[in-house]
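Reviewing the structure listed below.
The values are calculated or read from the model by the stated rules, or taken from the named source; none is laboratory data. This one's a predicted model, so the numbers in the text were calculated from it and none came from an experiment. When we count neighbours, we look across all protein chains shown, and the Cβ atoms used for this are built from the backbone with ideal geometry, even at glycine. For the accessible areas, the whole protein counts, side chains as well, though only heavy atoms, and no ligand, DNA or RNA atoms are used. Shrake-Rupley method; radii C 1.70, N 1.55, O 1.52, S 1.80 Å.
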Amino acid sequence: MQHQEKVPVPVYTAVDRDVFLREIYPKRSPAVLRGVSLGSCVHKWTVDYLTENGGDKEVKVHVSAVPQMDFLHKNFLYRTLPFSEFVQRAAETKHSNFFISEEESYYLRSLGDDSRREPADLRKQFPGLSEDFHIPEFFEPEQFFSCVFRISSRGLQLWTHYDVMDNLLAQVSGRKRVVLYSPRDAQYLYLTGDKSEVLDIDTPDLEQYPEFVKARRYECVLEPGDLLFIPALWFHNTLALQFGIGVNVFWRHLQAESYDKKDPYGNKDPVAAARAMQVLERALQALKELPPDYRDFYARRMVMRIQSCAYSLQPEGAVQECRPSHSLTESQSEASLPSSPFSHPD
């Protein structure tokens, strides 16, 4: 996109655990890690190998008539296929067997054995293949959350979204373009929940999304064997330049109790954040009791309060203190809100 500021994602080589934890992780910014051993999967995981060794396990996949998948408007179907057949179809550019059309696109995001309760783990769902993949030891074992197997057709593009846990995206085969946006640019992304409404990030409708041009665009192309570190809350959009196979490894950046225990996907907001959003909804409901000019004035005061207290105006990693307001005590603030909370927008 011509109007957005573009920033290349930095590339690091010869990265081990010490280098990652000392030089990369504290910056809380995306980084491509090149030369980290991912195991024999980089050489073994061909279409034939996956077909022969992945088994006929039934997998739930996304199928779309167009390669640009849109989660908000659900322009895809969920279908179930034997894994071996899915791999064959995903690797094809034109299909003799299909659900929608000869040129439909396929996408697998592996699920836990109990998808409603259990996070995905390559070692459990695909034990034969997991022996070929080496999880980089860049975090403590107790921080591990999930290990997600991903396979996509050539040209498949996934919607822009964020995750609440840190993430290493291992590109095992094929080339993939990844575009990322900082959490600090969230106000320019036209969010619905954790997803951006701007589906076409390369040629967006600027009449509908005029602020999108203000978001700084971080971009990289992953080659087979590359790792991409995606910190929690960073928005990302992926485009498979070739038939691609990858593995995402998610781990907890915060204490375990900070996360929703009933979230097997790792995309629900932290408990404290969800609670804050509920309070916000209650506050907005209270403002509806005021005339428009009063509502506007107090809404602006609320925004100013949030900006002065919670926005980080310092470089990444710095902490900004929040002093209590002298005009409204915490107990007064709590008392002024309706007692019934509203649910989180997600």
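Going down the list K27/K261; K6/K195; K60/K124; K44/K176, which pairs span over 25 Å between their C-alpha atoms?
Result: K27/K261 exceed 25 Å.
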(message) Test of understanding: what is the full-extension gain from L313 to A273, defined as 0.36 nm times their sequence separation minus their Cα-Cα distance?
(response) 12.5 nm
(message) Within 10 Å, Cβ to Cβ, of K94, how many net charges do the neighbouring residues add up to if Lys/Arg are +1 and Asp/Glu are -1?
(response) -4
(message) I'd like to compare 227-237, 246-256, 261-271: which one has the highest average count of other Cβ atoms within 10 Å, and what's the full order after that?
(response) 227-237, 246-256, 261-271
(request) Please give the net charge around F149, taking every other residue with its beta carbon less than 10 angstrom from that of F149, where Lys and Arg add +1 and Asp and Glu add -1. (result) +1
(request) Apply the Kirkwood formula to the chain: the hydrodynamic radius equals the inverse of the mean of 1/r over all pairs of different alpha-carbon atoms; give it in Å with one decimal. (result) 22.1
(request) Whole Å is fine, so just give me how far the alpha carbon centre of region 2-28 lies from that of region 241-282. (result) 22
(message) Just want the answer: with Cβ charges of +1 for Lys and Arg and -1 for Asp and Glu, which residue in Q88, V198, L111 is farthest toward the dipole's positive end in the chain?
(response) V198
(request) With everything on Cα atoms, drop me the angle between helix 292-310 and the longest principal axis of the chain, reported from 0 to 90° to the nearest 10. (result) 60
(message) Could you give me D for region 1-155, from Stokes-Einstein at 20 °C and 1.002 mPa s, where the hydrodynamic radius is the Kirkwood radius over C-alpha pairs? Units µm² s⁻¹, please.
(response) 119
(request) Just grab the label-to-label distance for Q255 and Q242, each label 7 Å out from Cα along the Cβ direction, in nm (one decimal). (result) 4.6
(request) Could you order peptides 58-68, 150-160, 94-104 by the average number of other Cβ atoms within 10 Å of their residues, highest first? (result) 150-160, 58-68, 94-104
(request) Can you give me the three principal axis dimensions of region 65-156 from its C-alpha atoms, in Å, biggest first? (result) 45, 30, 24
(message) Just the number please: accessible area per residue for the chain, 1.4 Å probe, all protein chains included, in Å².
(response) 54
(request) Leaving ligands, DNA and RNA out of it, report the carbon-plus-sulfur percent of the accessible area of region 1-138 at a 1.4 Å probe. (result) 49
(message) Suppose we take every Cα in region 183-287 and form the convex hull; what volume per residue is that in Å³?
(response) 146
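Quick one: net charge around F126, please, counting Lys, Arg +1 and Asp, Glu -1 for every other residue with C-beta under 10 Å from its C-beta.
Charge balance in the 10 Å sphere: 0.
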